[in-house]
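Structure record follows, encoded as structure tokens.
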Amino acid sequence: MDDERMSDVRFGIDFGGTGIKGAPVDLSTGEFVAKRTRIPTPKESTPQVVAEIFARMLDEHPQVEGPVGVTIPGIIRRGVVGLAPNIHPSWQGVDAGTLLTEALGREVHVVNDADAAGLAEVTLGAARGRTGLVLVTTLGTGIGSAALFDGRLVPNFELGHLEIGNRVAERWAATSVREREELSWEEWAARLTTYYRHLERLFSPDLFVVGGGVSKSSEEFLPLIDIATEIVPAHLKNKAGIVGAALLSAKTARG
Ligand code: BGC
């Protein structure tokens, strides 16, 4: 790839409860310009351990310069990690933006993983050009969510932690629960119907976008979700976190 094209490429990293994935992203198309790297999230996923993994990923792509975008599966306010139940507790309260910028020796922007997915879907995916309230949910280890109103992100809109009938939504309806309890698509879709109906009642959204790794199999369960609101699969599937992080690193200046 020539130098001019490389200036439109940023490295995005999606740090999740089960895997750490990174790739250089063409910002105008959302395509990966090199193969994605995936490393299982270590059990002791402390900031130091994870920063070393990020550094190794970046070393594999010396041609990709500029700020790096990183998703974190937790609340992020001005770079500082808040509640993040699916990663090592030592992340809590850490200024991840500053820590990673120092550890990697280049500017790093951190963002909630679902917010990154929302940003990617509204810029290049299923929510592009959509007005009103769009709720992007990611079904994975937990349930992530992003709210976009007329295309603008409202950060840290945590809908995976809603309590529905004494149950925390993500501990009852996430993909990890489907796998652990070996739910059929029908059984899982019944839980998702309860979940999305609850969101309908609270927020009257115009569109739901469903992302996360399982969105690759959306035809198995999305048609079984019985709600009134339009519900569509994410276009960027499980690439959305990486793409959104890369987009954000190009949009934001630290300060
Ligand atoms: C976290 C969210 C995150 C979601 C998906 C939840 O447990 O609280 O911040 O977006 O998992 O990873």
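The values are calculated or read from the model by the stated rules, or taken from the named source; none is laboratory data. This one's a predicted model, so the numbers in the text were calculated from it and none came from an experiment. Ideal geometry is used to build each Cβ from the backbone, glycine not excepted, and the neighbour counts take in all protein chains shown. Each accessible area value is taken on the protein alone, full model and side chains, heavy atoms only, with ligands, DNA and RNA left out. Shrake-Rupley method; radii C 1.70, N 1.55, O 1.52, S 1.80 Å.
Side notes on the structure shown:
- In the range 10-101, the alpha-carbon atoms span a convex hull of 97 Å³ per residue.
- Projected over all directions and averaged, the alpha-carbon convex hull of the range 24-170 occupies 9.6 nm².
- Cα centroid of the range 63-81 to Cα centroid of the range 31-46, whole Å: 14 Å
- Put simply, the C-alpha atoms of the range 59-108 give a gyration tensor, and the ellipsoid matching it has half-axes of 23, 11, 9 Å, longest first.
- Inter-centroid distance (Cα atoms) of the range 208-255 relative to the range 101-133, Å: 11 Å
- Value at 222 nm in deg cm²/dmol, rounded to 500, when DSSP H runs of n ≥ 4 in the chain each add -39,500 (n - 2.57): -9500 deg cm²/dmol
- The range 129-234: radius of gyration over Cα atoms, expressed as a fraction of 2.2 N^0.38 Å: 0.99
- Accessible area per residue for the chain is 46 Å², calculated with a 1.4 Å probe on protein heavy atoms, without ligands, DNA or RNA.
- Computed extension length for Phe203-Arg167: 11.0 nm, one decimal, from 0.36 nm per residue of separation with the Cα-Cα distance subtracted.
- In the chain the longest region clear of GluC sites (Glu not before Pro) that are loop-assigned by DSSP and have at most 15 other C-beta atoms within 10 Å covers 66-180.
- Degrees between helix 113-124 axis and first principal axis of the chain (Cα, 0 to 90, nearest 10): 90 degrees
- Relative contact order computed over the range 129-234 (Cα-Cα under 8 Å; 6+ residues apart), in percent: 29 percent
- Diffusion coefficient, µm² s⁻¹, Stokes-Einstein with Kirkwood Rh over alpha-carbon pairs of the chain at 4 °C and 1.567 mPa s: 71 µm²/s
- Segment Glu44-Thr193, extension gain: residue separation times 0.36 nm, minus the distance between their alpha carbons: 50.1 nm
- Computed in the context of the full set of protein chains, the accessible area of the chain at 1.4 Å probe radius has 48% of its extent on carbon or sulfur.
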